[in-house]
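Enquirer: Before I ask anything, here is the structure I am working with.
The values are calculated or read from the model by the stated rules, or taken from the named source; none is laboratory data. Quantities reported herein were computed from a predicted structural model and do not represent experimental measurements. A quick note on method: Cβ atoms are made from the backbone with ideal geometry, for glycine too, and the neighbour counts reach across all protein chains shown.
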Amino acid sequence: MLSERSAMEQEWWRTALFYQVFPLSFQDSNGDGRGDIRGIISRLPYLEWLGVDAIWLGPVYRSSMVDSGYDISDFCDIDPVFGTLAGFDDLVSQVHARGMKLIIDFVPNHTSVEHPWFKESRASRDNSKRDWYIWRSPRPGNTAPSNWIDNTWQPAWELDPRTGQYYYHRFLRQQPDLNFRNPDVRRAIQDVLRFWLDRGVDGFRLDAAADLLEDELLRDEPREDDAAQQKPPAWKDHIFSTDRPGTIELLSEFRSVVDSYPGRVLLGEVNVTKANFAKYYGLERPALNLPFNFELLNLKNWSAPHVSAVIDQYLTQLPPDGCPNWLLGSHDVPRLRQRIGSEHLQGAAVLAFTLPGAVLIYYGDELGLDNAEIPQEVMVDPYAEFGFGRDPQRVPMPWDNSANFGFSTATPYLPCAPEASSRNMDYQKRDHRSLLNLYRRLAELRGNQNVLRHGTYIPGPCYGHLLQFRRELGSHSLNVALNFGPDPILIEGHQGKVVLSTSLERQGETITDGLLLQPYEGLILEQTSN
């Protein structure tokens, strides 16, 4: 039986700080204007300094590069854009040598049309891999097999003239969906997981984890009359093409593979209703260790009452052993600064780092990067064609004030971040009041304070622009207070010592007769008396 310490070490992810690296945009090492594995290795000292526990690495598999690596043509190789398998092995080794973990993005829902599996599958109707993908004949009237729409608002069925059948794609037409009702496909994907686990990766983030199975009857989905005027997924309920029965069983099979390697973790992108979210932890059998929590990421109104409400709803819906996790940014949504405003950035960092569970941050958010203005003709994201390109939040990481802000010696594949001269790593590292140094102080505090990693979460009174809660472990407690507004707030009754504040001069301040919270301040108080 595992000791308590051994069990905690194997479940390191429960309190980890994950850092998402978008490989094309992190660091170029060979002067082609695109980020790569050797570039990431060169920046590991920075991630170690920042206090990162685990790197979440975006796709670096061999790819057609239509969708920045999410269209995979070989699950078991590295694309030359990023480097080689030997370089990847070196990355794993050096990440581990610095005491960090490496999680890789895994995209099981689909492949590229250039994948050998799909090339075989489309060769003929009687090919042995035909059933590895979802092929269907036209409906009467020579129409598509269903009315399903992909996530670009286009028909989700592509006609292949050579065989007279349609293949299904939940995403781009260059990304045909695998058929996970075929046991051969399930076994093949499990073998891919083992391939990377054997190379030493510490786990996977499953892309589109709720989209792996579709309705076998291909029933039409409800469509709104104004569907064409709305952005996905608001325009239509994906009743029959996502979150289908059998998905948890499939994820449980993946989890069994991961669990056979001690200390590994399975994260997952799960965009489902609040009512269905908890089941992805696996209520009857293990599924995902960490189904991603998109509540703060998707919040439209960044105010104390709204933030307090989504935290409470999320935590009360978790299964008994479900580990919370908090995302503030990702490669698919506008930058945090764009969504909540610059005045809230420091408070949002304090919030995420003091809530219970794991924290996931997106590269550059620790610098307060904003969305970039990118001309349509320069964009590389295929979704730009449909009006919602994601390149503005994927621009190169600014490291210093040298040419191209230290990202590359060549012209970067995307323009650099706005205001990178003051929002680069080197500039902020030397400024003790910077957002970057706040992130580092918060990471250090989390690492040193058991109460923040393992303590109970106890909500406090929230009114107006005030949000507060307490973290408690035994006799030790920390109070977290956040002011979401432009005016000071007096909180009566608090006494204690300020262990961290977004107002740097308050560090170590003794509070004896009530706490005056400054505008937009986030503060952590070690309370000595109620």
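Enquirer: Taking the condition of being at pLDDT 95 or above, in contact with a Gly (Cβ under 6 Å, 6 or more places away or on another chain) and either of a type in the set (A, V, I, L, M) or more than 24 Å from Leu345 (Cβ to Cβ) (or both), how many residues in region 509-525 meet it?
Expert: Result for region 509-525: 1.
Enquirer: Among the numbered criteria (1) closer than 25 Å to Thr15 by Cβ; (2) in contact with a strand residue (DSSP E or B) (Cβ under 7 Å, 6 or more places away or on another chain); (3) in contact (Cβ under 8 Å) with a residue 60 or more places away in the chain, which one does Phe484 miss?
Expert: Failing condition for Phe484: (1).
Enquirer: Kindly indicate whether Ala372 is out of contact with any Lys or Arg (no Cβ under 6 Å at 6 or more places or on another chain), touching a residue at least 12 places away in the same chain (Cβ under 8 Å) and of a type in the set (A, V, I, L, M).
Expert: yes
Enquirer: Against the definition (assigned to a strand (DSSP E or B) and within 25 Å of the chain's Cα centre (by Cα)), how does Ile189 come out, yes or no?
Expert: Spelling it out, it is not the case that Ile189 is assigned to a strand (DSSP E or B) and within 25 Å of the chain's Cα centre (by Cα).
For (1) at pLDDT 95 or above; (2) in contact with a His (Cβ under 6 Å, 6 or more places away or on another chain); (3) assigned by TED's automatic domain parsing to the domain that holds Gly35; (4) under 29 Å from Glu385 (Cα atoms), each residue gets a yes or a no:
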| residue | (1), (2), (3), (4) |
| --- | --- |
| Gln94 | yes, no, yes, no |
| Glu120 | yes, no, no, no |
| Asn127 | yes, no, no, no |
| Pro140 | no, no, no, no |
| Asn151 | no, no, no, yes |
| Leu159 | yes, no, no, yes |
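Enquirer: Just to check your reading of the model, which residue among Ser112, Ser146, Ser124, Ser128 is assigned to a loop (DSSP other than H, G, I, E, B), small (Gly, Ala, Ser) and within 28 Å of the chain's Cα centre (by Cα)?
Expert: Just a single option satisfies the conditions, and that option is Ser112.
Enquirer: Suppose we filter region 391-415 for residues that are over 14 Å from Tyr363 (Cβ atoms) and part of a loop (DSSP other than H, G, I, E, B); how many remain?
Expert: Qualifying residue count for the region: 10.
Enquirer: Would you call Val307 in contact with a Ser or Thr (Cβ under 7 Å, 6 or more places away or on another chain) and buried (at least 20 other Cβ atoms within 10 Å of the Cβ)?
Expert: Answer is no for this residue.
Enquirer: Picking from Leu466, Leu442, which residue would you name as being under 25 Å from the mean Cα position of the chain (by Cα) and within 15 Å of Leu523 (Cα to Cα)?
Expert: The unique qualifying residue is Leu442.
Enquirer: Is there any pair with a first residue in region 503-515 that is polar (S, T, N, Q) and a second that is part of a loop (DSSP other than H, G, I, E, B) whose Cβ atoms are under 8 Å apart and which are 6 or more apart or on different chains, and what are they?
Expert: Between residues of region 503-515 that are polar (S, T, N, Q) and residues that are part of a loop (DSSP other than H, G, I, E, B), the close pairs are Ser503/Gln518; Ser503/Glu521.
Enquirer: Scan region 453-474 and tell me whether some residue there is in a helix (DSSP H, G or I) and modelled with pLDDT of 95 or more.
Expert: Yes; the residues of region 453-474 include at least one that is in a helix (DSSP H, G or I) and modelled with pLDDT of 95 or more.
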